[in-house]
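Heads up, the thing below is written out as structure tokens.
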Amino acid sequence: MLGFIGTGNMNTAILRGVLSAGTLEASDVLITRTNAAKGREQADGFGVTFVEGNAELARAVGEGGTIVVGVKPYQMADVLSELGSDAVGRVIVSVAAGAPLAKLESALPADTALVRVMPNVNSQIGAGMSALCANDSTTPEQLAAVREVFDAVGLTTVLPEKDFPAFAAIAGASPAWTYTYIDALARGALANGIKLDEARRIAAQAVLGSAQLVLDSLNTHTPAELRDQVTSPGGTTIAGLIAMEDAGFTPAVIDAVNAAIARDNEIAGS
């Protein structure tokens, strides 16, 4: 059984992905949220079961079940404490940003299986990138089952928790930077006569296809090698690359990653 506490954008995306992928049958999925009327409406829409109350959901999921807790970080400790002994025997999954395993464990009974997951915004369209880490009470089989849930909304990786700040930068923050890059491409085209809406569509598709080619070529070509394949001697591409690097493109991207990691560490220590 799989339960969801909270049905905000991320948990709803995960729920939709799990059902669409056939990871679980709708009859094996439970949800709860504070607004019971909206919760029942959502449950009816997905064909799943609504349960009123967090502890009640944990009991209904039963031992061996998984509970994805998708509430605001400041609400997480209260929600986990509310589960109390009903968390025992279940796998608790947190998707709350900035909530490390040690902090989450302190709100749960000892030896509760706990997985921290950091999905990114693109999970909402089934093209996400999620990182997972687990506490010592989680078995490899339990972690694999949670990973299967998040595989339904994109790609996943298992990382040591110490690497989560770097992951947050290159997967969590990078979509915003990528949107900025796409917008810059479009505005460059606008300055040269292409309508902005069309330029955005062209640029977005170019970035989408380039990213897919990188993924498809991971075992054969590096991104730099793919770049060289489309860079002709004395051509337009190399002229643009030189202009980008003269403006500090690569150092700027690395600085952005380092700044995001530094800020993440500041927040974690506050």
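The values are calculated or read from the model by the stated rules, or taken from the named source; none is laboratory data. What you are looking at is a predicted structure, and each value in this text was computed from that prediction instead of being measured. Note that we place each Cβ from the backbone using ideal geometry, even for glycine, and neighbour counts take in every protein chain shown. When the accessible area is computed, the model is the full protein with side chains, heavy atoms only, and any ligands, DNA or RNA have been set aside. Shrake-Rupley method; radii C 1.70, N 1.55, O 1.52, S 1.80 Å.
Taking residues in region 234-249 that are closer than 14 Å to Ala224 by Cβ, and partners anywhere that are among the hydroxyl-bearing types (Ser, Thr, Tyr) and surrounded by 10 or more Cβ atoms within 10 Å (Cβ to Cβ), the pairs with Cβ atoms closer than 6 Å and at least 6 places apart or on different chains are Thr237/Thr231; Ile238/Thr231.
Among residues belonging to region 36-61 that are under 25 Å from the mean Cα position of the chain (by Cα) and open to solvent by 30 Å² or more (accessible area, probe 1.4 Å), point out the one that is farthest from Leu19 (Cα to Cα). If we take residues in region 36-61 being under 25 Å from the mean Cα position of the chain (by Cα) and open to solvent by 30 Å² or more (accessible area, probe 1.4 Å), then Lys38 is farthest from Leu19 (Cα to Cα). Only one of the numbered conditions (1) surrounded by 15 or more Cβ atoms within 10 Å (Cβ to Cβ); (2) touching a helix residue (DSSP H, G or I) at 6+ places or on another chain (Cβ under 9 Å) is not met by Ile125, and that is (1). Here Ser123 meets the list (1) under 16 Å from Thr32 (Cβ atoms); (2) at pLDDT below 95 almost entirely, failing just condition (1). Taken across region 88-95, residues that are in contact with a Leu (Cβ under 6 Å, 6 or more places away or on another chain), small (Gly, Ala, Ser) and open to solvent by less than 50 Å² (accessible area, probe 1.4 Å) do occur, with at least one present.
The residue that is least open to solvent (accessible area, probe 1.4 Å), counting only those in region 98-116 that are touching a residue at least 40 places away in the same chain (Cβ under 8 Å) and not in a helix (DSSP H, G or I), is Arg116. In a residue-by-residue description of region 128-137, the property of being open to solvent by 50 Å² or more (accessible area, probe 1.4 Å) and not acidic (Asp, Glu) applies to at least one position. For region 37-52, the count of residues that are touching a Lys or Arg at 6+ places or on another chain (Cβ under 6 Å), in contact (Cβ under 8 Å) with a residue 12 or more places away in the chain and farther than 25 Å from Gly126 by Cβ is zero. When region 7-30 is examined, which residues are found to be over 15 Å from Ser94 (Cα atoms), touching a residue at least 24 places away in the same chain (Cβ under 8 Å) and of a type in the set (S, T, N, Q)? If the condition is that a residue be over 15 Å from Ser94 (Cα atoms), touching a residue at least 24 places away in the same chain (Cβ under 8 Å) and of a type in the set (S, T, N, Q), then Ser20, Thr23 are the ones that fit.
Based on this model, can you work out whether Ser85 counts as more than 21 Å from the chain's Cα centre (by Cα), under 25 Å from Glu161 (Cβ atoms) and open to solvent by 20 Å² or more (accessible area, probe 1.4 Å)? Here the answer is no, as Ser85 does not meet what is asked. The set of residues in region 53-81 that are in contact (Cβ under 8 Å) with a residue 40 or more places away in the chain, among the polar types (S, T, N, Q) and assigned to a helix (DSSP H, G or I) contains only Asn54.
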